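Peer 1: Handing you this structure, nothing more for now.
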Amino acid sequence: MAGGRPFRPSAPRRAAFAGLLTLLLLASLAFLLSSPPAASSRSPLSPPSRLAAIRRHAADHAAVLAAYAAHARKLKEASAAQSLSFSALSSDLSALSSRLAAHQSLPDDALRPLEKEARDRIKFARLLAADSKEGFDTQAKIQKLSDTVFAVGEHLARSRRAGRMSSRIAAGSTPKSLHCLAMRLLEARLANPSAFADDPSPSPAFQDPALYHYAIFSDNVLAASVVITSATRAAADPSRHVFHVVTAPMYLPAFRVWFARRPPPLGVHVQLIAYSDFPFLNASFSPVLRQIETGKRDVALVDYLRFYLPDMFPALQRVVLLEDDVVVQKDLAGLWHVDLDGKVNGAVEMCFGGFRRYKKYLNFTQDIVRERFNPSACAWEYGVNVFDLQAWRRDGCTELFHQYMEMNEDGELWDPTSVLPAGLMAFYGNTKPLDKSWHVMGLGNNPSISPEVIRGAAVIHFNGNMKPWLDVAFNQYKALWTKHVDTEMEFLTLCNFGL
């Protein structure tokens, strides 16, 4: 019936249907209640299994508690040492205050040494208080952790853009050990300021072009000392070798203490300089400083100082640049007799086949790079470089470097975190290949270098992530570096260097 009321079952039929559903529900419930539980999922653990699980839990918690106990012991030892430092410094300052009060009537000339000692002690007290502040200041700890997380995040972002992982993440606690060493050396200087000259008189050898001059740019006093010690031991006439060590102003006092306590042996000459001592190094002259100061570059200035060698040493004609992660095994005097054929830079090339050529280091999608450079040109490496400073001045290499730095302000020409591409560009067509035995590289990234090749090298270079002062250094190479470390220097033990 198309237009009538919808069909509705009668009341007796609805009652029968409801009863049938009720019976089906009761039957299903009875079946479920009578079924035995599954043994695999509901049966309790057997006594042996229960005991084994409890033992595992106990062992895990014991290991955790042991780790906490070890950490607590370290904190206690550090706290005790810190308390001793505070007590000793407090006593020294009290005694110094009494001496100042007792000598108020002295003339100015007599008071100046006492005033200088007081200023040094106060400066050291501030440094110690600042270094210890985070142990008591929860807000400072939170801020430091936040800064660290942010810095690591930024560093990882740059690493991803560059397509590689930075070596600093693998460095572990070593930067802390190096910082500890610098602080210990500074403490020694402040404890006995009269023993270390603030500005020692320069030796005439520092400007003598007839001698063999080396430049080392480093903030690592331990590494720089190994370079100088190894080169001195290998030299036939050490008195003719002059080392110019340029560092950051904050590290210069630590370098002075180290070399005052361990004077260079066998008559070798060492000049210690802070880069702030060069008045020409300012933001108006150097685009590197300008980019660093304006926050456009996150690089270490000390890495770029090599481009200012002719300005730093105007009296010299030839300088050999040594990186701070090298060890010298043979006399380097022969480098002063290498004919550079009028070129500026002498360096060992590192290309083989299609690898390590200019296309690896420069962005050839940029017009200026394509126009000026050959992508198949062989790249060389820093580590041992002979620079003819007269040819450098003649060809204006520093000015050319400045031009490329300004062109790369946006980081489009090369990765700005690496200093090598800037050198490849500044000295393009102006580099003379050296014999490979002068510079064997890769001891920080290649575990398979032939022992014969290493023995025949004048200089071995720990370029790469596995630096010889790190725990991750290759064991087969590490002794080549550690044999030149002065292990009797007490600060190395205090700063937990695993040598």
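The values are calculated or read from the model by the stated rules, or taken from the named source; none is laboratory data. This structure is a prediction, so every number in the text was calculated from the model and none was measured. FYI the Cβ positions are ideal-geometry reconstructions off the backbone, even for glycines, and counts take in every protein chain you see. Ligands, DNA and RNA are stripped out before the accessible areas are found, and what is left, the full protein with its side chains, is counted by its heavy atoms. Shrake-Rupley method; radii C 1.70, N 1.55, O 1.52, S 1.80 Å.
Peer 1: Find, among the trypsin sites (Lys or Arg not before Pro) in the range 207-305, those assigned to loop by DSSP (not H, G, I, E, B) with at most 14 other beta-carbon atoms within 10 angstrom.
Peer 2: Sites meeting the loop and neighbour criteria: K296.
Peer 1: What order do you get for 337-343, 181-187, 369-375 when each peptide is scored by the mean count of other beta carbon atoms within 10 Å, highest first?
Peer 2: On the way: 337-343: 12.4, 181-187: 20.0, 369-375: 14.0.
Per-residue mean Cβ counts within 10 Å order the peptides as 181-187, 369-375, 337-343.
Peer 1: Enumerate the amide H contacts of Q271 below 5 Å, restricted to partners 5 or more residues apart or on another chain; note that Pro and chain-start residues carry no placed amide H.
Peer 2: F243, H244, V245
Peer 1: Same structure again: Testing the spin-label approximation: label points 7 Å from Cα along Cα→Cβ at C351 and R262. State their distance in nm.
Peer 2: The answer from the label model is 4.0 nm.
Peer 1: Ok, one more. Relative to the present Cα-Cα distance, how much length would full extension add between N363 and R233 at 0.36 nm per residue of separation?
Peer 2: Between N363 and R233, full extension yields 42.5 nm more.
Peer 1: Which distance in nm do the two modelled labels at A110 and A129 give, with both placed 7 Å along the Cα-to-Cβ direction?
Peer 2: So the two model labels end up 3.1 nm from each other.
Peer 1: For C378, C397, give me the order by solvent-accessible area with a 1.4 Å probe, most accessible first, ignoring ligands, DNA and RNA.
Peer 2: Most to least solvent-accessible, the answer reads C378, C397.
Peer 1: Just report the Cα centroid separation between the range 353-368 and the range 413-435, whole Å.
Peer 2: Each part's Cα centre sits 11 Å from the other's.
Peer 1: Per-residue HN-Hα couplings for the range 351-360, Karplus 6.51 cos²θ - 1.76 cosθ + 1.60 at θ = phi - 60°, whole Hz, x for Gly and Pro?
Peer 2: Whole-Hz 3J(HN,Hα) from phi for the range 351-360: 7, 8, x, x, 9, 6, 10, 4, 5, 6.
Peer 1: With a 1.4 Å probe and every protein chain left in place, work out the accessible area per residue of the range 365-442 in Å², rounded to a whole number.
Peer 2: That works out to 40 Å² for each residue.
Peer 1: Let me ask another. Provide the FRET efficiency to the nearest 0.05 for the S85-H337 pair, computing r from the beta carbons and using R0 = 51 Å.
Peer 2: With a Förster radius of 51 Å, E is 0.45.
Peer 1: Next question, about the same structure. Tally up the carbon and sulfur contribution to the accessible surface of the range 185-313 as a whole percent, 1.4 Å probe, everything protein left in place.
Peer 2: Carbon plus sulfur share of accessible area: 52 percent.
Peer 1: Quick one: what are the phi-derived ³J(HN,Hα) couplings along the range 91-102, Karplus 6.51/-1.76/1.60 with θ = phi - 60°, whole Hz, x for glycine and proline?
Peer 2: 4, 4, 5, 5, 5, 5, 4, 5, 5, 5, 5, 7
Peer 1: Going by accessible area, probe 1.4 Å, with all protein chains left in place, what is the ranking of I122, I292, I449, largest first?
Peer 2: Ranked list, largest accessible area first: I122, I292, I449.
Peer 1: Could I ask something else about it? If I ignore ligands, DNA and RNA and count only protein heavy atoms, how much of S85 is accessible to a 1.4 Å probe, in Å² to the nearest 10?
Peer 2: Number for this one is 50 Å².
Peer 1: Taking R0 as 25 Å, what FRET efficiency do you get between R394 and D277 from their Cβ-Cβ distance, rounded to the nearest 0.05?
Peer 2: 0.45
Peer 1: Measuring from label point to label point, each 7 Å out along Cα→Cβ, what is the N192 to E452 span in nm?
Peer 2: It is 5.1 nm.
Peer 1: Another question, then. Please list the non-local residues whose amide H lies under 5 Å from the amide H of G383, H modeled 1.01 Å from N, same-chain partners needing a gap of 5 or more.
Peer 2: Excluding prolines and chain starts, which carry no amide H, the hits are E323.
Peer 1: Protein chains only, probe 1.4 Å: how do Y212, Y275, Y428, Y304 rank by accessible area, largest first?
Peer 2: Y428, Y275, Y212, Y304
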